[in-house]
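Notes to accompany the following structure.
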Amino acid sequence: MSAATIRPKKRRHDDDFIKRSRGEKIFNACNIIFMALLLIFLLYPVLNVISISVSNETQVMAANVTFYPIGYNPQAYTTIFKDNELWHSIWNTTFVSGVGCVLSLIALSIAAYPLAFGRFYGKKIYTMAIMITMWFQGGIVPMFLTMQSLGLYDNLWALIFHGLISAYNVVIIRSYFNSIPMSVIESARIDGANDFRILFRLVIPLSKPVLATVALWVIVGHWNDYMNPLILVSSTANKTLQLELKSLVLAAESSTSNLSTLSKSEAMKGVAALNTQIKNAVLVVSMIPMIAIYPFIQRFFVSGVMLGSVKG
């Protein structure tokens, strides 16, 4: 037999050797159908909000818009983005989210490091002092009085410092730190590195997945926060995005309610439709930044949570 007639056997993927039973095939088919239906249920409200915000006002008033736009009318977005206070509130929220995220990651890492690698007297007390904040909270009034006594009322730094450390996030980061071999830390200590140098030069670079995950949580928390700015901020200059969006919604509702005393002309119906479109456009504006940053952090998201729950 010549060498030309000898053909190498084609390597097949391991999945080709797995023979699935009839029950497994039925289960996989049902699982795919269920997940597809779940995806539709989750996406429909989002698509509906986007479609209403850009559809023709006549179709909006007739309630004909479902998950795709009918006609095209960007007037709601034109009205929103002409508001200078909106852009200022976006800047305020971006500042709180960005600075708050960086400071939170630093504070959380410093708080989690002794829990994972510390050997000191009173470690259990330190752990309990952190955990007790997860079970019991002082409440709104003590928080308000504390910020006021610190001179931080009506100040964006009050929003940053209030959400600086969360016991839940400390536990998540501590769990991930525990997956780092202790031998690595001991080697650094033998080389003469102190704890701060080990934390910032060794542990944090090795913990990018969990830090990226927690960063996403912190940013989303600050971006969607409504109650704390409502309590701690009073001036227009320090208004955050959620407060400004609420003001736009209230203004739209007020305009709509005033129409009941006016004639039912086409112009009035157009105004009512615009107010409905503004309400939905407001939701889209608040969603877009978070949807935009999520793909960049998605690859860290699952690994940060899963690896942090298992000690390697």
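Tally the residues that are β-branched (Val, Ile, Thr), more than 23 Å from the chain's Cα centre (by Cα) and over 24 Å from residue 198 (Cα atoms), restricting the search to the stretch 106-139.
Residues that pass the stated criteria total 1.
Just to check your reading of the model, which residue among 104, 89 is hydroxyl-bearing (Ser, Thr, Tyr), closer than 20 Å to residue 214 by Cβ and in the same structural domain as residue 246 (by TED's automatic domain parsing)?
Numbers: 89 fails: closer than 20 Å to residue 214 by Cβ.
Result of the check over 104, 89: 104.
Determine whether residue 147 is more than 15 Å from residue 103 (Cα to Cα), assigned by TED's automatic domain parsing to the domain that holds residue 293 and touching a His at 6+ places or on another chain (Cβ under 8 Å).
Working: more than 15 Å from residue 103 (Cα to Cα): yes; assigned by TED's automatic domain parsing to the domain that holds residue 293: yes; touching a His at 6+ places or on another chain (Cβ under 8 Å): yes.
Considered against the rule, which asks whether it is more than 15 Å from residue 103 (Cα to Cα), assigned by TED's automatic domain parsing to the domain that holds residue 293 and touching a His at 6+ places or on another chain (Cβ under 8 Å), residue 147 comes out as yes.
Working only within the stretch 92-124, note down all residues that are in contact with a Leu (Cβ under 8 Å, 6 or more places away or on another chain), within 18 Å of residue 176 (Cα to Cα) and surrounded by 19 or more Cβ atoms within 10 Å (Cβ to Cβ).
Of everything in the stretch 92-124, those that are in contact with a Leu (Cβ under 8 Å, 6 or more places away or on another chain), within 18 Å of residue 176 (Cα to Cα) and surrounded by 19 or more Cβ atoms within 10 Å (Cβ to Cβ) turn out to be 104, 105, 109, 113.
Against the definition (of a type outside the set (A, V, I, L, M, F, W, C), at pLDDT below 75 and either part of a helix (DSSP H, G or I) or in the same structural domain as residue 147 (by TED's automatic domain parsing) (or both)), how does residue 263 come out, yes or no?
Yes, satisfied.
Could you tell me whether residue 113 is assigned to a helix (DSSP H, G or I), of a type in the set (Phe, Trp, Tyr) and in contact with a Lys or Arg (Cβ under 9 Å, 6 or more places away or on another chain)?
On the way: assigned to a helix (DSSP H, G or I): yes; of a type in the set (Phe, Trp, Tyr): yes; in contact with a Lys or Arg (Cβ under 9 Å, 6 or more places away or on another chain): yes.
When the stated conditions are applied, residue 113 passes them.
Return yes or no: is residue 284 at pLDDT 65 or above, aliphatic (A, V, I, L, M) and farther than 24 Å from residue 211 by Cβ? Talk me through it step by step, then tell me what you get.
Details: at pLDDT 65 or above: yes; aliphatic (A, V, I, L, M): yes; farther than 24 Å from residue 211 by Cβ: yes.
Spelling it out, residue 284 is indeed at pLDDT 65 or above, aliphatic (A, V, I, L, M) and farther than 24 Å from residue 211 by Cβ.
Can we say residue 51 is assigned to a helix (DSSP H, G or I) and touching a Pro at 6+ places or on another chain (Cβ under 7 Å)? So that I can check it myself, show each step before the final result.
On the way: assigned to a helix (DSSP H, G or I): yes; touching a Pro at 6+ places or on another chain (Cβ under 7 Å): yes.
Considered against the rule, which asks whether it is assigned to a helix (DSSP H, G or I) and touching a Pro at 6+ places or on another chain (Cβ under 7 Å), residue 51 comes out as yes.
List every residue pair whose Cβ atoms lie under 6 Å apart, where the two residues are 6 or more positions apart in sequence or sit on different chains, the first residue falls within the stretch 126-146 and is in contact (Cβ under 8 Å) with a residue 12 or more places away in the chain, and the second residue, located anywhere, is among the β-branched types (Val, Ile, Thr).
Listed by first residue and then by second, the contacts come to 130/170; 144/231.
The values are calculated or read from the model by the stated rules, or taken from the named source; none is laboratory data. Values in this document were obtained by computation on a predicted structure and should not be read as measured data. With ideal geometry, Cβ positions are generated from the backbone for all residues, glycine too; neighbour counts draw on all protein chains shown.
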